[in-house]
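To keep things clear, I will list the structure first and then write my remarks on it.
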Amino acid sequence: MTLKRTLIAAPAVLLLLLSCARIHGPLNTSVANHPWLTLLLLAGAAAMVRSRRMEDATRRLGRLLFESRDAAFYSAVWIAAVVLYSLAGRIIFQSQPHLDDGVASLFQSRLFARGKIVTGLAPARDFFWQIFVLDDSNGLPHRCGMYPPGWPALLVPGVWLGMPWIINPILGGALTVAAAMLAAEMFNRTTGRIAALLTLMSPYAAVLSATFLSHIATALLCTLCAWSVFRLVRTGTWHYGAVAGLTWGWAFLCRPLTALVVGTVIALIPLFSFKQALKAWRAVALALLLAGAAGGIQAGFQKVTTGDASTPGHVLGMGRRGKFGFVKLDWVRTHTPRLGMEHTLDRLRFLNDRLTGWPVGVFVLAAIPLFCRSARWRDAWLLLPVISLAFVYAFYWYYEILFPARYLEAGTPLVLVLAGRGLQIIFEKSPSAKYPAAAVLACLLFALITVPADYLSAFEPDHGDVEPNLMRTLKKHGVENAVVFYDAVDRDPIYYHAFNDYYATAFLHNDIDLKGDVIFARNLRGRNVELFVLYPGRRYYLYRYSRERHKPAFYEMIPKEELFEVIALDELKN
């Protein structure tokens, strides 16, 4: 094997070794859970493909998918993705953020929607404190979100429409089209169509597109940036420089570290095509200028929110927990190289399983083109974003339990492009299309049947930091012009939820200026009388959520001089 071939195959070998380092090897862990189902689906798919009628249907479907006009195909894929991801958001996540990260981002977007960057302090901070929302507890004279402005700004149209949950499904649909465009630019139209379909049917992409997290937006912007840089190098047209600079800049304003890592990998494109890039130096300069402007916007945003242009919000909001590297975080936690490697292997294992949900891990498909005699540097380059992100985030102590590998999401569309190329090669090299068609059909059936049982079922209605019962309870009792005190009791049997206070559920529904019809406050027990004075003339209630039984109790609180009488409206029953 020549040096060039070795360098091209090295990323695939590395990724396969890392992804196979866990117990189950290169196969999806669901295969171990459903071995007989896997064999049954493979046999059934083979029988279906051998059917003459099915063969004719397959040909017609192939013509529809691969010979239709680009505009028609892209529109259909985008609409299908938006519908699918919207249903996932409505059914799985009740159209609301379930992590404190999403709650804080939505709070900032509501500020932007009113033409504000910050808002006044809460009248009694301890009652309204929410993690990742900065306030006087962080030494500031105002309240605002902790995160960069890019993702909250994208949520603003949804806030104006009263449908902020629709933004990520729309962007997720756009990501399927962007993956197709990148694959078509790098390889051919057929690879683009396959990449779009893999992205559309990815259970991992569907779940992230149904959340209020910024990872799908960042992945879309980075993918568009990569596509525009390829176009810039090939055509030398200045407007592709503008697209590259704007998309990377907005990605930086969503997730700065991720954008820097992926942007560094994208910068290799003009280096590998140095002569063409040199001819298009004006477009390259424009891209760099616009990308640099994002740094100025971020600095200005930080000046307003944290008071210092060089201080990001997470420095104030996370304190010790915001440390990066193999460091001592506090008196009980130290991030070590061993933990970093474990987190990296777990992320890659999860990604290998859930990116397509197929019985064969996605990294196996992605490795196929890199071992072909026709492999080029572009094939290996497609793996670099995921490998680079996995390496960089190994230095971060936190493992994203609820949505594992989401820190790697910005690189996953490129992995799907390479996997699409691998599938195309399998079909091209096969003596008969029946055999790979049967395998693909079996994989699709496997994903459709096992994913709901093995993946989606992990998302309980009260998973993360939000539970679904609060507004139902208030509607049931006709609560208006009130202050509702919120707390949680008992211990959740799931260790990472054990003492989650779920106040994010209530914080979501507060007016940003705390002047709404219903005010949601933390239950501070003996101090609750302070809000009787701040909000006179209202009715007062206590909402208490049982973490163990996943049910609420609801009481009315009637002021009695400096105390109050509690009347049960809904009690927890054994």
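Before moving on, here are some points about what is shown:
- Just so you know, in region 451-471 the residues that are open to solvent by 60 Å² or more (accessible area, probe 1.4 Å) and assigned to a loop (DSSP other than H, G, I, E, B) include one that is farthest from Asp511 (Cα to Cα), and it is Glu460.
- Among the residues making up region 515-559, those that are open to solvent by less than 10 Å² (accessible area, probe 1.4 Å), under 26 Å from His497 (Cβ atoms) and in contact with a Pro (Cβ under 9 Å, 6 or more places away or on another chain) are Tyr543, Tyr545, Ser546.
- Sole exception among (1) closer than 28 Å to Asp100 by Cβ; (2) free of Cβ contacts under 8 Å to residues at least 40 places away in the same chain for Ser374, by number: (1)
- Restricted to helices (runs of 4 or more DSSP H) entirely inside region 152-214, no element has at least 3 residues that are touching a strand residue (DSSP E or B) at 6+ places or on another chain (Cβ under 8 Å) and without any contact (Cβ under 8 Å) to a residue 60 or more places away in the chain.
- Residue-level analysis places Leu7 outside the set of residues that are under 30 Å from Glu342 (Cβ atoms), open to solvent by less than 60 Å² (accessible area, probe 1.4 Å), modelled with pLDDT under 75 and assigned to a helix (DSSP H, G or I).
- Scanning region 472-514 for residues that are among the aromatic types (Phe, Trp, Tyr) and out of contact with any strand residue (DSSP E or B) (no Cβ under 6 Å at 6 or more places or on another chain), we see that the one that is least open to solvent (accessible area, probe 1.4 Å) is Phe507.
Results for (1) among the small types (Gly, Ala, Ser); (2) more than 26 Å from the chain's Cα centre (by Cα); (3) part of a helix (DSSP H, G or I), shown as yes or no for each residue.
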{"residue": "Phe301", "(1), (2), (3)": "no, no, yes"}
{"residue": "His314", "(1), (2), (3)": "no, no, yes"}
{"residue": "Gly319", "(1), (2), (3)": "yes, no, yes"}
{"residue": "Gly325", "(1), (2), (3)": "yes, no, no"}
{"residue": "Leu339", "(1), (2), (3)": "no, no, yes"}
{"residue": "Glu342", "(1), (2), (3)": "no, no, yes"}
{"residue": "Arg347", "(1), (2), (3)": "no, no, yes"}
{"residue": "Trp358", "(1), (2), (3)": "no, no, no"}
{"residue": "Phe363", "(1), (2), (3)": "no, no, yes"}
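- Only one of the listed residues (Phe520, Phe499, Phe485) is more than 20 Å from Leu106 (Cα to Cα) and either assigned to a strand (DSSP E or B) or of a type in the set (Lys, Arg) (or both). That residue is Phe485.
- Helices (runs of 4 or more DSSP H) within region 376-450 that include 2 or more residues crowded, with 22+ Cβ neighbours inside 10 Å, at pLDDT 90 or above and under 25 Å from the mean Cα position of the chain (by Cα): 384-393, 412-429
- Region 236-259 residues that are farther than 19 Å from Leu389 by Cα, paired with ones that are of a type outside the set (A, V, I, L, M) and open to solvent by less than 20 Å² (accessible area, probe 1.4 Å) (beta carbon under 6 Å, 6 or more apart): Tyr240/Ser228; Val243/Ser228; Ala244/Cys225; Ala244/Ser228
- Scanning region 30-76 for residues that are assigned to a helix (DSSP H, G or I), of a type in the set (Asp, Glu) and modelled with pLDDT of 80 or more yields a single hit, Asp70.
- The combined condition, being aromatic (Phe, Trp, Tyr) and out of contact with any strand residue (DSSP E or B) (no Cβ under 9 Å at 6 or more places or on another chain), is not fulfilled by Phe326.
- Residue list for region 81-133, filter: crowded, with 16+ Cβ neighbours inside 10 Å, aliphatic (A, V, I, L, M) and in a helix (DSSP H, G or I): Ala81, Val82, Leu84, Ala88, Ile92, Val103, Ala104, Leu106, Leu111, Ala113
- For region 150-194, a tally of residues being among the hydroxyl-bearing types (Ser, Thr, Tyr) and closer than 26 Å to Phe107 by Cβ returns 0.
- In region 140-151, the residue that is most open to solvent (accessible area, probe 1.4 Å) out of those that are in a loop (DSSP other than H, G, I, E, B) and farther than 15 Å from His314 by Cβ is Pro141.
Quick grid of which residues meet (1) touching a residue at least 40 places away in the same chain (Cβ under 8 Å); (2) open to solvent by 50 Å² or more (accessible area, probe 1.4 Å):
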site: Lys279; (1), (2): yes, yes
site: Leu288; (1), (2): yes, yes
site: Thr305; (1), (2): yes, no
site: Gly313; (1), (2): yes, no
site: Gly319; (1), (2): no, no
site: Asp330; (1), (2): no, no
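Residues are listed down the side, and each one gets a yes or a no for (1) among the aliphatic types (A, V, I, L, M); (2) in a helix (DSSP H, G or I); (3) modelled with pLDDT of 90 or more:
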{"site": "Leu531", "(1), (2), (3)": "yes, yes, yes"}
{"site": "Tyr543", "(1), (2), (3)": "no, no, yes"}
{"site": "Arg549", "(1), (2), (3)": "no, no, no"}
{"site": "Pro552", "(1), (2), (3)": "no, no, yes"}
{"site": "Glu556", "(1), (2), (3)": "no, no, yes"}
{"site": "Pro559", "(1), (2), (3)": "no, no, no"}
{"site": "Val566", "(1), (2), (3)": "yes, no, no"}
{"site": "Leu569", "(1), (2), (3)": "yes, no, no"}
{"site": "Leu572", "(1), (2), (3)": "yes, no, no"}
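The values are calculated or read from the model by the stated rules, or taken from the named source; none is laboratory data. Remember, predicted model here, so these are calculated numbers, not experimental data. Note that each Cβ is placed from the backbone with ideal geometry, even for glycine, and that neighbours are counted across all protein chains shown. Quick note on the areas: whole protein, heavy atoms, side chains included, nothing else; ligands and nucleic acids left out. Shrake-Rupley method; radii C 1.70, N 1.55, O 1.52, S 1.80 Å.
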